[in-house]
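The values are calculated or read from the model by the stated rules, or taken from the named source; none is laboratory data. Nothing here was measured: the structure is a model prediction, and the numbers come from that model. We place every Cβ from the backbone using ideal geometry, glycine too, and count neighbours over all the protein chains shown.
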Amino acid sequence: MTSKLFPIILHMDNIDVSKIKFKKKYYSSNSFSKVPIRYKRQPLIIQTPKLYVPYDVRFYGYSKKKNIKCSICLSLSNHEIDKTVCNFYHKLKEIEEVIKKRFKYKKIKKNKKNKNKHTVRQYREFKPIIRDTNLVKISIPFYKENPMIKVYDQSKTEVDFDNIGPRIYSHSLICIESVWFFNEAYGVTINLLQIRLEIPLLLEEYSFEDNCDKPQNKLRNDPKYKKYFKMLDLKIPIFVVKQKMILAGHNPELLDDNYKPPIQDIQSQETDVNTGTLFLTSMSTLKRVKSKPKQRKRLSIQGYNVPTLDAIVNCLSTLKKVRRTSEV
């Protein structure tokens, strides 16, 4: 079961208007009274879709207890285009019909002196929730000159009440609190509980990139030196990065924006690239050829076969060494 401290937050698709109940009426004065609204014995709290706030917060006076009266308007002008706003629009219309059906007429005793007492039904004037301009008026409760709501931005950070302004989009948690009666008119009290604003982005510090117009180093995207440029982007001092390049055997001047490689290096790189491309293209066009064993030709001179070099080497290997004796 849900605790009373944490009431149920309803989405418009989950609301069954037949389960809306009305509590006993209480009077604030002879001409003003209220009937609280409940949904499954809980306050009827609804999360709105993304809605536009066309006007600023309106303050319209103080009561005898010095409590500020304040309201904000939410626009439903895009209900014919946006599906979620359309569903929210029709759900409010359904709630209106339930309230109008219940409190459309007022019972009045016609004659108190006669014994045969009977009552008549008098028509009341209903103030619709959605006005002709497709605006919904939401009350902002105040206590001792302090707003009793929470205001957040799109990053779920709590911000000041003064951030609520005109021409801004918001999501809201609203409570359909009660039906009010004043003389022959009646309407619905809707209170704002929380609001989440889509505040425009504000850069509080100077954020221009002054080096964007300068020529960038061409070696920034080279995989050999990419990590060193990344260290510079992380605000590591340049002398530290250059020291690491020296330890790795690289030229530290490569980090300078005005660095230009020597012409010889450029020509060598171009020749390497050209030879590489030529080699790859030639490899794709070459065909494999089977090599035939070579046969040595024998020379013949007047019918005499000249021995080959291998035959001469074999003959020499068979010869024996003979010591020469000294002549007497």
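Some notes on this structure:
- First in segment 229-242 and surrounded by 10 or more Cβ atoms within 10 Å (Cβ to Cβ) and assigned to a helix (DSSP H, G or I), second anywhere and at pLDDT 85 or above and of a type in the set (Phe, Trp, Tyr), Cβ under 8 Å, 6 or more apart: Val241/Tyr228
- Search result, residues across segment 1-59 that are farther than 13 Å from Ile176 by Cα, at pLDDT 90 or above and of a type in the set (A, V, I, L, M, F, W, C): Phe32, Leu51, Val53, Val57
- Ser77 assigned to a strand (DSSP E or B), at pLDDT 80 or above, on the phi < 0 side of the Ramachandran plot and of a type outside the set (Phe, Trp, Tyr): no
- Scan of segment 123-176 for residues that are of a type in the set (A, V, I, L, M, F, W, C), in a loop (DSSP other than H, G, I, E, B) and over 22 Å from His79 (Cα atoms), ordered by number: Met148, Ile149, Val159, Ile164
- Cβ-Cβ under 8 Å pairs, at least 6 apart or on other chains, segment 144-157 side surrounded by 12 or more Cβ atoms within 10 Å (Cβ to Cβ), far side part of a strand (DSSP E or B) and acidic (Asp, Glu): Lys150/Glu158; Val151/Glu158; Tyr152/Glu158
- The residue of segment 11-45 that is nearest to Ile190 (Cα to Cα), among those that are in a strand (DSSP E or B) and free of Cβ contacts under 8 Å to residues at least 40 places away in the same chain, is Arg38.
- Restricting attention to segment 46-63 and to residues that are polar (S, T, N, Q) and assigned to a loop (DSSP other than H, G, I, E, B), the residue that is nearest to Ser75 (Cα to Cα) turns out to be Thr48.
- Residue match in segment 174-188 (condition: within 20 Å of Lys50 (Cβ to Cβ), charged (D, E, K, R) and in the same structural domain as Asn30 (by TED's automatic domain parsing)): no
- Residue that is nearest to the chain's Cα centre (by Cα), among those in segment 130-171 that are polar (S, T, N, Q) and within 26 Å of Gly187 (Cα to Cα): Ser170
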